[in-house]
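To keep things clear, I will list the structure first and then write my remarks on it.
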Amino acid sequence: MQYTVILEAQEDGGYTARCVEIPKAICWGENKGEALVRIKDIIGLVREVQQEDLQKTIQAVHAEIIKIDVADGA
């Protein structure tokens with residue numbers, strides 16, 4: 001899965017990285033590489049929590065979630 005990350009150099013040094021798709025996922029690193037590693041870790045943690053929440057929801061409502069493919073109309 002791909003996410004859009006905005007990487008910004010800071011005036012006082014270092015870089016901030018934030019994920020467009022997950023607005024509260026923001027981190028800082030001393031260099032680009034460190035900032036990117038940290039944002040990947042944060043995104044991974046968010047995805048784990050989302051999966052846990054999804055499983056709890058499925059169990060609570062005794063529902064089934066199915067993925068389907070839909071062809072483009074063009």
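Please treat every number below as a calculation from the coordinates, not as lab data. Since this is a predicted model, take the numbers as computed values, not measurements. No Cβ is skipped: glycine too gets one built from the backbone with ideal geometry, and neighbour counts run over all protein chains shown.
A few points about this structure:
- Taking every residue in the range 32-56 that is in contact (Cβ under 8 Å) with a residue 40 or more places away in the chain and assigned to a helix (DSSP H, G or I) and pairing it with any residue that is aromatic (F, W, Y) and surrounded by 11 or more Cβ atoms within 10 Å (Cβ to Cβ), at least 6 positions away or on another chain, the pairs with Cβ-Cβ distances below 8 Å are I43/Y3.
- The range 17-51 - residue that is under 12 Å from the mean Cα position of the chain (by Cα) and among the acidic types (D, E) and, of those, surrounded by the fewest Cβ atoms within 10 Å (Cβ to Cβ): E48
- Considering the conditions (1) of a type outside the set (V, I, T); (2) surrounded by 13 or more Cβ atoms within 10 Å (Cβ to Cβ); (3) outside any loop (DSSP other than H, G, I, E, B), Q59 is excluded by exactly one of them, (2).
- Among the residues of the range 4-16, those that are free of Cβ contacts under 8 Å to residues at least 12 places away in the same chain and either under 12 Å from the mean Cα position of the chain (by Cα) or assigned to a strand (DSSP E or B) (or both) comprise E8, A9.
- Boolean, A35 is at negative phi and touching a Ser or Thr at 6+ places or on another chain (Cβ under 7 Å): yes
- All positions within the range 1-16 that are surrounded by 12 or more Cβ atoms within 10 Å (Cβ to Cβ), hydrophobic (A, V, I, L, M, F, W, C) and under 19 Å from E48 (Cβ atoms): V5
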